[in-house]
Amino acid sequence: MTRRSFLLGAALCLSGTAAAAQTRIADLRGTIDAADLGVMPDRTDDQSAQMQRAINRAVEKGRALFLPAGTYPVANLRLPSGTLIVGVPGRTRLVYQGGGGLLATAEGAARIGLDGVVFDGANKLINEHAFGLLHFLDVDHLSLVNCEITGSSRSGLALDRCAGQVERCLVSGAAEAGIRSVEGRGLVFAENVITDCANAGLMVMRWTKAEDGTLIRGNRIERIAARAGGTGQNGNGINIFRAAGVMITGNRVTDCAFSAIRANTASNVQIIANSCLRSGETGIYSEFEFEGAVIADNIVDGATIGISVANFMSGGRMAVVSGNLVRNLSATGPYDGSGGAGFGIGIYVEADTTVSGNVVEGAPKYGIMAGWGPYLRDVVIADNVVRDSGVAVSVSAVEGAGTTLIRGNILSGYREAAIRGYRWQEAVTDDLAGGAAAPAHLTISGNVVRPASG
């Protein structure tokens, strides 16, 4: 690169930065400064009444309300349709004053926008009918961008029957879920950071099974606990319940008490290219009354079960599990798993499912497990690599179990058997990869097997 081209590039870069700054200044010129309407930052007295008047006045004029940097003690703000509040990211703080209400709400609004504002719940009591520090109901287009929501004694952000997007926000310290969406109407959650919440990171749910269409992409979710207890209802990074057509892509979910991603009764879910680290129970779950799940190209490192596609007895069926990397499984879970298949399993599936092109390493019990009792139908296990397991492939051999094809896998470093049939927990066949007669519902061919040395 010549000196002339370098200087020209630098000049263009600076001019682009300057242009962006001028655009931002121009945007702010179209706002109303809250200070001009009697709202003063860093006052110790309650600013709720003044803030409400300023919001209403800005909406009447059809303009955005600009809040300068500083702290504003407020509570029970009601945001009318057309509200647009712009703050200084990280420095404009609305602090909840308590009293058993909530910080801000909107209901039946066409459009609400919040940009660059910190909403601090100060861990003060929220009304039992307000499900979050911020609670929005029936908002047609909600936009939260570059905001921070912290210290809520319930959920951080609660959405009921809303559409819109929540992007590049920080949510932390919620006593329930970081973000809770019910009956969503095509929401987008993108590039948010959700951390240190007591029972859930991002929850998408419906009261009855229906199309939801939420997009969850590029979020970072960390350190989600399960303080309310249970065996999986709580403690999940991303939790989908009864919501169909949800896409979960490119997220990084770590250190959750139970699952990184849990889809319950969620048909046509796509769980693609996520990084799921150090899950306390199952890394990725698709369970109960679902039809259709694609679980592909994910990394699951650290869990008791890597990927589980379960509950054919409740109608759970039809999945593709492909191209995943699953490793470092633990045989010790957060509760007693002795009544079922237990822990230490790489990939578990039951019905109408293809398991192909995955790599599983370090599963103490089973690398890949197909079926539980009679709950097995039309499963293909092909072209996978399974290394360092107890039994590389476990398959149900109970009467009534359905067709299963096990073909072309590399099964390496297993300690007990390459492929073995089970009646629930009881081994009932010799190693089926070593020439033992296979039950009639199994077709086994072309597998490359190599037991652990010594």
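The values are calculated or read from the model by the stated rules, or taken from the named source; none is laboratory data. On a predicted model such as this, the values are computed, not experimentally measured, just so you know. Here Cβ is always computed from backbone atoms with ideal geometry, including for glycine, and neighbour counts include all displayed protein chains. Each accessible area value is taken on the protein alone, full model and side chains, heavy atoms only, with ligands, DNA and RNA left out. Shrake-Rupley method; radii C 1.70, N 1.55, O 1.52, S 1.80 Å.
Assorted remarks:
- Residues (surrounded by 22 or more Cβ atoms within 10 Å (Cβ to Cβ) and outside any strand (DSSP E or B)) located in segment 136-150: V139, C147
- Within this structure, D388 passes the test of being at positive phi, in contact (Cβ under 8 Å) with a residue 40 or more places away in the chain, out of contact with any helix residue (DSSP H, G or I) (no Cβ under 7 Å at 6 or more places or on another chain) and surrounded by fewer than 24 Cβ atoms within 10 Å (Cβ to Cβ).
- Hey, I238 touching a residue at least 40 places away in the same chain (Cβ under 8 Å), within 13 Å of the chain's Cα centre (by Cα) and within 21 Å of C162 (Cβ to Cβ) or not: no
- Only listed residue being out of contact with any Cys (no Cβ under 7 Å at 6 or more places or on another chain), farther than 15 Å from L277 by Cβ and free of Cβ contacts under 8 Å to residues at least 40 places away in the same chain, chosen from G333, G302, G316: G316
- The listed residues are G340, G346, G323, and the only one of them that is closer than 20 Å to F258 by Cα and modelled with pLDDT of 95 or more turns out to be G346.
- Every pair of residues 6+ apart whose Cβ atoms lie under 8 Å, when the first sits in segment 108-135 and is in a strand (DSSP E or B) while the second is of a type in the set (K, R) and surrounded by fewer than 17 Cβ atoms within 10 Å (Cβ to Cβ): V118/R91
- Residues in segment 173-194 that are small (G, A, S), open to solvent by 10 Å² or more (accessible area, probe 1.4 Å) and not in a loop (DSSP other than H, G, I, E, B): 0 in all.
- Beta carbons closer than 9 Å, at least 6 apart along the sequence or on distinct chains, pair a first residue in segment 78-96 that is part of a loop (DSSP other than H, G, I, E, B) with a second that is of a type in the set (K, R) for S81/R111; G82/R111; G87/R93.
- Matching option when the condition is farther than 25 Å from G230 by Cα and buried (at least 19 other Cβ atoms within 10 Å of the Cβ), among I345, I381: I381
- Residues (at pLDDT 95 or above and among the small types (G, A, S)) located in segment 169-194: S172, G173, A174, A175, A177, G178, S181, G184, A190
- For segment 247-264, the set of residues classified as surrounded by 24 or more Cβ atoms within 10 Å (Cβ to Cβ), more than 10 Å from the chain's Cα centre (by Cα) and free of Cβ contacts under 8 Å to residues at least 60 places away in the same chain consists of C256 only.
- Subset of segment 48-57 (residues that are surrounded by 17 or more Cβ atoms within 10 Å (Cβ to Cβ) and under 36 Å from the mean Cα position of the chain (by Cα)): S48, M51, Q52, I55
- Pairs meeting the criteria (first residue in segment 202-220 and over 9 Å from E183 (Cβ atoms), second residue at pLDDT below 95, beta carbons under 9 Å, at least 6 apart or on different chains) are G213/G186; T214/G186; L215/G186.
- Residues of segment 398-433 satisfying the condition of being within 17 Å of Y375 (Cα to Cα), among the polar types (S, T, N, Q) and open to solvent by less than 20 Å² (accessible area, probe 1.4 Å): T404
- Verdict on G373 being among the small types (G, A, S), open to solvent by less than 10 Å² (accessible area, probe 1.4 Å) and closer than 30 Å to I272 by Cα: yes
- Checked against (1) touching a strand residue (DSSP E or B) at 6+ places or on another chain (Cβ under 6 Å); (2) farther than 23 Å from E361 by Cα, G421 passes all but a single condition, namely (2).
- Take the conditions (1) touching a residue at least 40 places away in the same chain (Cβ under 8 Å); (2) more than 28 Å from H441 (Cα to Cα); (3) assigned to a loop (DSSP other than H, G, I, E, B); (4) within 17 Å of the chain's Cα centre (by Cα); G283 misses just one of them, which is (3).
- Selection within segment 287-301 - more than 17 Å from G235 (Cβ to Cβ) and either of a type in the set (V, I, T) or in a strand (DSSP E or B) (or both): E291, G292, A293, V294, I295, A296, I299, D301
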